[in-house]
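Enquirer: Attaching a single structure in structure tokens format; questions to follow.
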Amino acid sequence: MPDDNRVIQRTASVEDRVDAIQAVLDERGMKATEAVEELSRLAEDVWVPRNGARVVAKAWVDPAFRKRLLADGRAAVAELGLPMPKHHRHLVVLENTPTVQNVICCTQCSCTAFTIIGLPPDWYKDFEYRSRVVRESRTVLREMGLDLPPEVEIRVWDTTADTRYIVLPMQPPETIGWPEEKLVDIVTRDSMIGVARL
């Protein structure tokens, strides 16, 4: 027989707990709400895949920039006014070829060069992707819609504490000669992660 004096406690939702912590921080003058609003603005308006698309398009039309980008990605994107956090000490640009497909992941969490390619998509953060893309890269890419022939080598690159990656996809042959502004529109976040070809 149940005890009628039991107290049933509800566990607060994650959202309720975050709101409570934020309220306490605000009460103590730590401006948590202001910081959250600024991060949201950056994520929606500033840290967008179009930044990386600009980098890729520039590399396709400017061989000197491409050379600098491959030699020192961080310095090259800075030329375009694209900042990176201090802890992203290195930006390595991985160039795809007809026989090599580069793919990036973060097996520990979901790190990306977010100021360049935008915040990671949900599937990128998923444990299944993070673990399987390393062990079964060809299968994972096929499941995501990229069925590569066996002669294409797949190289998987795992981010580190201070190194971020971006894939430089191959330019579709039919777009050679297009203006840079038009090329920006065809570059996708997935192609800069390496799970798609253009």
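Enquirer: What is the distance in Å between the Cα centres of the range 121-152 and the range 49-91?
Expert: 25 Å
Enquirer: Using the 4.7 Å Cβ rule, please list in number order the cysteines from the chain without any candidate partner.
Expert: When partners are defined as cysteine Cβ atoms under 4.7 Å apart, the chain leaves Cys105, Cys109 without one.
Enquirer: For n ≥ 4 DSSP H runs only, could you compute -39500 (n - 2.57) per run for the chain, divide by its residues and tell me the 222 nm figure to the nearest 500?
Expert: Estimated from H runs of four or more residues: -11500 deg cm²/dmol.
Enquirer: Rg and Dmax of the range 108-174, Cα atoms, in Å?
Expert: Values for the range 108-174 (Cα only, Rg and Dmax): 13.1, 38 Å.
Enquirer: Here's a follow-up. What would the Debye equation give as log₁₀ I(q)/I(0) for the chain at q = 0.09, 0.16 Å⁻¹, counting only Cα atoms as equal point scatterers?
Expert: Scattering profile of the chain, log10 relative to I(0): -0.43, -1.05.
Enquirer: Of all GluC sites (Glu not before Pro) in the range 127-198, which ones are in loop regions per DSSP and have a Cβ with at most 15 other Cβ atoms within 10 Å? Please report the intermediate quantities before stating the final value.
Expert: Details: sites: Glu128, Glu136, Glu143, Glu151, Glu153, Glu174, Glu180, Glu181; in loops: Glu136, Glu151.
For GluC sites (Glu not before Pro) across the range 127-198 that sit outside H, G, I, E and B with at most 15 neighbouring Cβ atoms in 10 Å, the list reads Glu136, Glu151.
Enquirer: Using +1 at the C-beta of Lys and Arg and -1 at the C-beta of Asp and Glu, which of Leu141, Val152, Ser191 has the Cα lying farthest in the positive direction of the dipole of the range 48-193?
Expert: It is Ser191.
Enquirer: Still on this structure, please answer the following. Give me, ordered by chain and number, the residues 5 or more places off Thr107 or on other chains with an amide H under 5 Å from its own placed amide H.
Expert: Those qualifying (amide H under 5 Å, at least 5 residues apart or on another chain) are Thr159.
Enquirer: Then there is this: Calculate log10 I(q)/I(0) of the range 154-198 for q = 0.19, 0.21, 0.27, 0.32 Å⁻¹, where I(q) comes from the Debye formula with a single equal point scatterer on each Cα and nothing for solvent.
Expert: -0.66, -0.76, -1.01, -1.23
Enquirer: Against the globular-protein guess of 2.2 N^0.38 Å, express the Cα radius of gyration of the range 57-174 as a ratio, rounded to two decimals. Numbers along the way, then the final one.
Expert: On the way: Rg = 14.6 Å, N = 118, 2.2 N^0.38 = 13.5 Å.
The reported ratio for this selection is 1.08.
Enquirer: Tell me the label-point distance for the pair Lys182, Met170, using the 7 Å Cα-to-Cβ offset, in nm and rounded to one decimal.
Expert: 2.2 nm
Enquirer: Starting at the first residue of the range 60-66, write each ³J(HN,Hα) from the Karplus equation 6.51 cos²θ - 1.76 cosθ + 1.60 with θ = phi - 60°, in whole Hz, x for Gly and Pro.
Expert: Going residue by residue, I get 5, 9, 10, x, 5, 5, 4 Hz, with x marking Gly and Pro.
Where a number appears in this text, it was derived from the coordinates with a stated rule and is not lab data. None of these values were measured; they are calculated from a predicted model. Ideal geometry is used to build each Cβ from the backbone, glycine not excepted, and the neighbour counts take in all protein chains shown.
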